[in-house]
Amino acid sequence: MSVVELARKYYPRLWDKSRLEALAAAGRLTEAEVREIVGEEENHVH
């Protein structure tokens, strides 16, 4: 699995937004990918 796939799977249950931002800072995710993943979760109805 790629980092993006893992982030989609684990956010927000195991990885929080700061984890995604740390991955972006390390060059493993782009800022756009972080926004997409966080935005997807914010749009979900629980």
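The values are calculated or read from the model by the stated rules, or taken from the named source; none is laboratory data. A quick note: this is a predicted structure, and the numbers were derived from the prediction, not measured. In this analysis, Cβ positions are derived from the backbone assuming ideal geometry, glycine residues included, and neighbour counts consider all displayed protein chains. Please note that ligands, DNA and RNA were not included when accessible areas were found on the heavy atoms of the full protein model with its side chains. Shrake-Rupley method; radii C 1.70, N 1.55, O 1.52, S 1.80 Å.
Only residues that are touching a residue at least 24 places away in the same chain (Cβ under 8 Å) and outside any helix (DSSP H, G or I) were counted across the range 11-46, and they come to 4.
Looking for whichever is among the acidic types (D, E), open to solvent by less than 90 Å² (accessible area, probe 1.4 Å) and touching a helix residue (DSSP H, G or I) at 6+ places or on another chain (Cβ under 8 Å) here; the options are E36, E40, E31. Which one fits? Every option except E40 fails the conditions.
Within the range 2-46, the set of residues being modelled with pLDDT under 95 and among the hydrophobic types (A, V, I, L, M, F, W, C) comprises just one member, V45.
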